[in-house]
Amino acid sequence: MKYFTRVRRVYRWRGEPVSFNRKLKTYDYSSLVIGVDGLPRTTLIITGQHILIEGEDEDSPYVAKVLRLFGDESGKQKKAAVQWFVRVSEVPPNKLKLLGREPHPQEIFYYQGRSCDDEVDVESILRPVQVRRARSGIPSTVSAHPVVILDWFLFKQVTSSTPRTPRHATPSIPSRSLPARQPGNVLEEARIRLHVSSVPESLPCREQEFQDIYSFVESKIIDGTGGCMYISGVPGTGKTATVHEVMRCLQHAADVDEIPPFTFIEINGMKMTDPHQAYVQILQKLTGHKATADHAASLLEKRFSNPAPRKESTVLLVDELDLLWTRKQNVMYNLFDWPTRRHARLVVLTIANTMDLPERIMINRVASRLGLTRMSFQPYSFKQLQQIIMSRLNKVKAFEEDALQLVSRKVAALSGDARRCLDICRRATEICEHSAAERSATGLVGMSHVMEALNEMFSSSYITAVKCASVHEQLFLRAVIAEFRRLGLEEATFQQVFVQHQALCRVEGLQPIGVSEGLAVCQRLGACRLLLLEPSRLGVLQRVRLNVSQDDVLYALKAD
């Protein structure tokens, strides 16, 4: 097959554009005219037509089918979206054997692969070509340039060198061939029940808080009104777990028609890269649609401002509220302002670690929208921690009574964090099991096992690093915690922390250091991964966060 490529071809669109793509800023056309300089004859290319495209040499042009013709607004770029075909010479010989016959030299096959670009410049188009589908074993040649296409199923056998995942395949987890292994002894059973992710049958020691939250949300749903509640407390005191239990009970009440139906959605400030992503997540969980942050905010504004027939109440849980803070505080303001709208029927439950967060960081217009409905979760006492562990074990005798009392008192004296108490108990069961002479031993966890677990928990590499830090590095960590507590946030700028460091130096009777030395101290703590830092090019404006819990830092400094 010969064709001349050294002539100057001219390409132009025929007729007006068919449509305009606003997103890509392109015009779609139905046909293309190819002309040659000095000759009156022209060639017409239309969508759906098969064409020849310049190949590696004049005897081997590529064959494709035109799917779309389009160009930019300026008219300089002209493109064609094509479906490629593969020639016999491009098919591996071992795949040609699957045909079961001798292929025709002019025969081509469908090609579907990611290695080729489906968009080509129209300047590479040579001319149209006649293509016929093979209906018998050997194709017939009735035109000057016969090109024959095989069946689609046959192409996939011929050209697919490796199996490909179907386009619309649904991923699935392989089914388990054997049932999950049951706990082999009492210690394994206790370890499973004490895991933080294990859902307990009940929430002990939070009955009053549960009742207050339940009554608040239930009354708003029944009345069809909105409202806000601010829930605070140190980490590990059951705030989120209590709210989830309230929602589970309310959902059950709605299922049996005791209260009107409602929608429950939850967002977490820790899972967002930007506070404005709260709008996107709320809209997606309410409607299933995605939008930009600004567009989502406007859609939510309309949803909570305008009346609608048979509108259900919405309960929104905002966890880690302090991480939604912005300079203008517009995200917090909207979350607290929407429930005040007449037709909103929105109940917002917010959770944070700081009790006086509204007074610390919220401006007056935001704090006024939040209202005065607040609840504080106090740290667990040692008796409450002991009761929590006993309720989870539920008659599984795995601990000595003195051992449970020891770990409860230790954790209650430090922070009252129930999650840390559970982790220590689980580690104690592992130590007890490994120290037993036999694998199936069911000995109880004693004082020695609990003491070893406590030493491991409170002697981690982070605590060791804090103990071995220099005086100014330890003071800087104290300054970070002091600034976090002053702001009510979990991050601050170096400049803010450095002011606290200067004050601590004067209190301790030490010579204050300069800004450059303070930056060096901060960088060393970042290199040890005790702090998480923004890029150093920001200087005194770089933000600082702790990479270890405040309790561990205070424990290490107290022990030191």
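The values are calculated or read from the model by the stated rules, or taken from the named source; none is laboratory data. No experiment lies behind these values; they were computed from the predicted model shown. Reconstructed Cβ throughout: ideal geometry from the backbone, glycine too, with neighbour counts over all protein chains shown. Side chains included, ligands, DNA and RNA excluded: accessible areas come from the protein's heavy atoms. Shrake-Rupley method; radii C 1.70, N 1.55, O 1.52, S 1.80 Å.
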Selected residue (criterion: farthest from the chain's Cα centre (by Cα)) from residues of the stretch 323-362 that are of a type outside the set (A, V, I, L, M, F, W, C), closer than 27 Å to residue 222 by Cα and part of a loop (DSSP other than H, G, I, E, B): 342
Odd one out for residue 375 among (1) part of a helix (DSSP H, G or I); (2) under 25 Å from residue 243 (Cβ atoms): (1)
Candidates 453, 469, 465 - the one that is assigned to a loop (DSSP other than H, G, I, E, B), out of contact with any Pro (no Cβ under 8 Å at 6 or more places or on another chain) and farther than 27 Å from residue 356 by Cβ: 469
Given (1) surrounded by 13 or more Cβ atoms within 10 Å (Cβ to Cβ); (2) within 28 Å of residue 235 (Cβ to Cβ); (3) free of Cβ contacts under 8 Å to residues at least 60 places away in the same chain, index of the condition residue 527 fails: (1)
Scope the stretch 456-480; condition modelled with pLDDT under 90, closer than 16 Å to residue 554 by Cα and surrounded by fewer than 19 Cβ atoms within 10 Å (Cβ to Cβ); matching residues: 458, 459, 460, 461, 462, 464, 465, 467, 468
Search result, residues across the stretch 24-73 that are part of a loop (DSSP other than H, G, I, E, B), surrounded by fewer than 14 Cβ atoms within 10 Å (Cβ to Cβ) and over 45 Å from the mean Cα position of the chain (by Cα): 37, 38, 39, 40, 41, 56, 57, 59, 60
Failed item, numbered, when residue 34 is tested on (1) modelled with pLDDT under 85; (2) in the same structural domain as residue 106 (by the TED database): (1)
Every residue from the stretch 494-532 that is among the β-branched types (Val, Ile, Thr) and modelled with pLDDT under 90: 507
Subset of the stretch 1-16 (residues that are modelled with pLDDT of 75 or more, open to solvent by 50 Å² or more (accessible area, probe 1.4 Å) and not aliphatic (A, V, I, L, M)): 8, 12, 14, 15, 16
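This table checks each residue for (1) open to solvent by 50 Å² or more (accessible area, probe 1.4 Å); (2) on the phi > 0 side of the Ramachandran plot; (3) assigned to a helix (DSSP H, G or I); (4) not assigned by the TED database to the domain that holds residue 430.
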{"residue": "392", "(1), (2), (3), (4)": "no, no, yes, no"}
{"residue": "395", "(1), (2), (3), (4)": "yes, yes, no, no"}
{"residue": "410", "(1), (2), (3), (4)": "yes, no, yes, no"}
{"residue": "413", "(1), (2), (3), (4)": "yes, no, yes, no"}
Filter result for the condition that a residue is exposed (fewer than 13 other Cβ atoms within 10 Å of the Cβ), without any contact (Cβ under 8 Å) to a residue 40 or more places away in the chain and more than 26 Å from residue 413 (Cβ to Cβ), over 208, 182: 182
Residues of the stretch 287-322 classified as closer than 16 Å to residue 264 by Cα, in a helix (DSSP H, G or I) and within 21 Å of the chain's Cα centre (by Cα), total: 1
Sole residue being touching a Ser or Thr at 6+ places or on another chain (Cβ under 9 Å), open to solvent by less than 60 Å² (accessible area, probe 1.4 Å), at pLDDT 90 or above and over 30 Å from residue 492 (Cβ atoms), chosen from 317, 286, 335, 299: 286
Residue count, the stretch 337-351 (criterion: of a type in the set (Val, Ile, Thr) and either in contact with a Pro (Cβ under 8 Å, 6 or more places away or on another chain) or farther than 16 Å from residue 362 by Cβ (or both)): 2
Among (1) free of Cβ contacts under 8 Å to residues at least 24 places away in the same chain; (2) closer than 30 Å to residue 483 by Cα; (3) touching a His at 6+ places or on another chain (Cβ under 9 Å) - the single one residue 326 does not satisfy: (1)
Evaluation of residue 486 against (1) basic (Lys, Arg); (2) at pLDDT 90 or above; (3) within 36 Å of the chain's Cα centre (by Cα) (one fails), failing number: (2)
Pairs, first farther than 16 Å from residue 376 by Cα in the stretch 211-227, second charged (D, E, K, R) and open to solvent by less than 60 Å² (accessible area, probe 1.4 Å), C-beta under 6 Å, six or more apart: 227/220
Filter result for residue 405 (assigned to a helix (DSSP H, G or I), without any contact (Cβ under 8 Å) to a residue 40 or more places away in the chain and not assigned by the TED database to the domain that holds residue 526): yes
Test: residue in the stretch 269-292 that is among the small types (Gly, Ala, Ser), assigned by the TED database to the domain that holds residue 221 and in contact with a His (Cβ under 7 Å, 6 or more places away or on another chain): no
Leading residue by the ranking (modelled with the highest pLDDT) among those in the stretch 74-98 that are more than 18 Å from residue 25 (Cα to Cα), surrounded by 11 or more Cβ atoms within 10 Å (Cβ to Cβ) and of a type in the set (D, E, K, R): 87
Every residue from the stretch 114-130 that is in contact with a Lys or Arg (Cβ under 9 Å, 6 or more places away or on another chain) and surrounded by fewer than 19 Cβ atoms within 10 Å (Cβ to Cβ): 119, 121, 123
Candidate set from the stretch 346-390 (those that are touching a residue at least 60 places away in the same chain (Cβ under 8 Å) and under 30 Å from residue 189 (Cβ atoms)); member that is most open to solvent (accessible area, probe 1.4 Å): 387
